[in-house]
1. Failed condition for A:VAL117, given (1) in contact with a helix residue (DSSP H, G or I) (Cβ under 9 Å, 6 or more places away or on another chain); (2) surrounded by fewer than 22 Cβ atoms within 10 Å (Cβ to Cβ), with all others met?
2. Looking at segment A:4-27, can you tell me whether even one residue there is touching a helix residue (DSSP H, G or I) at 6+ places or on another chain (Cβ under 9 Å), aromatic (Phe, Trp, Tyr) and surrounded by fewer than 19 Cβ atoms within 10 Å (Cβ to Cβ)?
3. Filter segment B:9-43 down to residues that are in a helix (DSSP H, G or I), within 9 Å of chain A (Cβ to nearest Cβ) and charged (D, E, K, R), then give me how many there are.
4. Considering every residue within segment A:99-114, establish whether at least one is more than 14 Å from every other protein chain (Cβ to nearest Cβ), away from the ligand (no atom under 16 Å from the Cβ), open to solvent by less than 10 Å² (accessible area, probe 1.4 Å) and farther than 19 Å from A:CYS194 by Cα.
5. Would you call A:THR257 within 22 Å of A:ALA30 (Cα to Cα) and away from the ligand (no atom under 14 Å from the Cβ)?
6. Only one of A:LEU132, A:LEU53 is crowded, with 20+ Cβ neighbours inside 10 Å, on the phi < 0 side of the Ramachandran plot and at pLDDT below 95. Can you tell me which?
7. Those residues that are within 16 Å of the ligand (Cβ to nearest atom) and within 14 Å of another protein chain (Cβ to nearest Cβ), I need them from segment A:15-28; list them, please.
Amino acid sequence: MTQIENIRQEFPELGEQVYGKALVYLDNAATSQRPLSVIRKWTEMSEKYNANLHRAVHRIADLATSAYESTRDAVQKYLNAEFREEIIFTSGATASLNLVAFSFGEAFVREGDEIIVGEAEHHSNIVPWQLLCERKKAILKVLPIDDSGHLRVDLLPGLLTPKTKLVCVAHISNVLGLLNPVKEIVNICHSNNCAVLVDGAQGIVHERVDVRDLGCDFYAFSGHKVYAAPGTGVLYGRRALLEQMPPYMGGGEMIGTVRWSGSTWAPLPQKFEAGTQNIAGTPTLRPALEMAEALRNEAVEAETNAIKELILNKLQSDPRIRLYGVPDAPEEKIPLFAFSVEHVHHEDLALILDKMGIAVRSGQMCAEPLMDRYGVTGMLRVSFAPYNTVQEAEYFIASLDRAIKMLEG
Amino acid sequence: MYDEWLDKYEYLIDLGRNLDAFPEELKTEDRLIKGCQSRVWLDATVEGDRLYFRADSDAIITKGIISLLIGVYSGRTAREIAEDDFSFVDKLGLRENLSPTRANGLASMIETLRRTAQNQL
Ligand SMILES: Cc1ncc(COP(=O)(O)O)c(C=O)c1O
């Protein structure tokens, strides 16, 4: 067995069939499949360690709490964060982003201040900032991309003013699949006294993230896209900022004392973890990130590069196809490809590919402003994970041609 | 098994291609059916107590489904349509043939037909 075949054995869903065909799962950017190690941890937490966290002195509560808190240590280590209290557990990237939008906004954003977001952002990294700007009468500005999908970082210095408090960009766009130059953005922003938030929902899967190396102030991601249980997520935040930010939600273990005259807050990280946490899910982040680490090896890299070459060749050489997110060099593109086919609707293609056993995404992909920019109502997207094979990529290409033929008539 | 599916789609695509042309000026916001992933426009005209439908979509398989719907309901009375249980959809194996997001689109189309008919009563 090749190494990839061995890896695939670890992900039960990959062995499933749809319509009597082997499932070819190419919707990994929406959610990844889960390995046995994660499923086992998840079950184990429910079977053996089910108690509420931080609250009781009994044995099971103690075990559940240590599983949860040791996960924080593991995530801190994985991200190379300086302090463990810089790791806040949330229910996902969207929750992490909303937390920052509220709490950073309360602490630092005043009327007339500015927030900048990238043009290719996911709705989860747009709408919270719109809400914040509405609440604070602040101004939302957009950092554009060029036609190939590259962020116009050259325009950033011109957009920044002394009133710009935060710049929010994806590490990697879920539509364009291009790696944004986060370090360069951080350098520009920090020399203007402006903080940087990185939406790492896709970045955490495809890059070896080191928050101190990136230098960003916030890094947000979801567990479910990086092999962990759904309803889990992380917000990394620089301690000095988190300490100045008020809580996002109130209740549970986030308090210091509660009096009718007013309450005080627990120290970090509990200040931002109100209510009962995802007791069974959050500990799966540890085996999930271990899997992410294990999948960073030469065999996987070779397979991924071959897939990228195959798909890029196909999508860029076929005159009927328009690829969004055209890389200057293959290294800046993850194996995620959004495209459209002339005179063929993305939804028709997705329906037919589905019947051929291939799961793809069609539609706006939670990025309507980006759809508008390219003048389309939607796109088709295939997104590969390290467990996908070159054979699957070849089968996709053949199936795409067959589907286009059916639809073109 | 899957060729059977593809045959069904071939058929729907064919129906979609042969659907009567829909005037561009009728593609207005109020004729747009919400709840479909593709854009679907539906226009109803009343002649006497009968309703006549025209429709279009930018997706061809959806157009095929519309063609089936219109084939069944265009030219019938408002009362017939309003009281219909739309079970022909299941008889044709359409509902299962569609993904949930798709089924939603179909549900929205049926809902629009039903509402249009009810408004005439
Ligand atoms: C780039 C990006 N940001 C944010 C999100 C939101 O993630 P979630 O829905 O898991 O909160 C996604 C996932 O759809 C994404 O791809």
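The values are calculated or read from the model by the stated rules, or taken from the named source; none is laboratory data. Being a predicted model, the structure only gives us computed values, none of them experimental. Note that each Cβ is placed from the backbone with ideal geometry, even for glycine, and that neighbours are counted across all protein chains shown. The accessibility values were calculated without ligands, DNA or RNA, using every heavy atom of the protein model including side chains. Shrake-Rupley method; radii C 1.70, N 1.55, O 1.52, S 1.80 Å.
1. All conditions are met except number (2).
2. Scanning segment A:4-27, I find at least one residue that is touching a helix residue (DSSP H, G or I) at 6+ places or on another chain (Cβ under 9 Å), aromatic (Phe, Trp, Tyr) and surrounded by fewer than 19 Cβ atoms within 10 Å (Cβ to Cβ), so the answer is yes.
3. Matching residues across segment B:9-43 total 3.
4. For segment A:99-114, residues more than 14 Å from every other protein chain (Cβ to nearest Cβ), away from the ligand (no atom under 16 Å from the Cβ), open to solvent by less than 10 Å² (accessible area, probe 1.4 Å) and farther than 19 Å from A:CYS194 by Cα: absent.
5. In short, no.
6. Values: A:LEU132 fails: at pLDDT below 95.
Matching residue, one of A:LEU132, A:LEU53: A:LEU53.
7. A:ASP27 - this is the single residue of segment A:15-28 that is within 16 Å of the ligand (Cβ to nearest atom) and within 14 Å of another protein chain (Cβ to nearest Cβ).
So that you can scan it fast, the table gives a plain yes or no per residue for (1) within 14 Å of another protein chain (Cβ to nearest Cβ); (2) in a helix (DSSP H, G or I):
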site	(1), (2)
A:GLU5	no, yes
A:GLU13	no, yes
A:ALA30	yes, no
A:GLN33	no, no
A:ILE39	no, yes
A:MET45	no, yes
A:ALA51	no, no
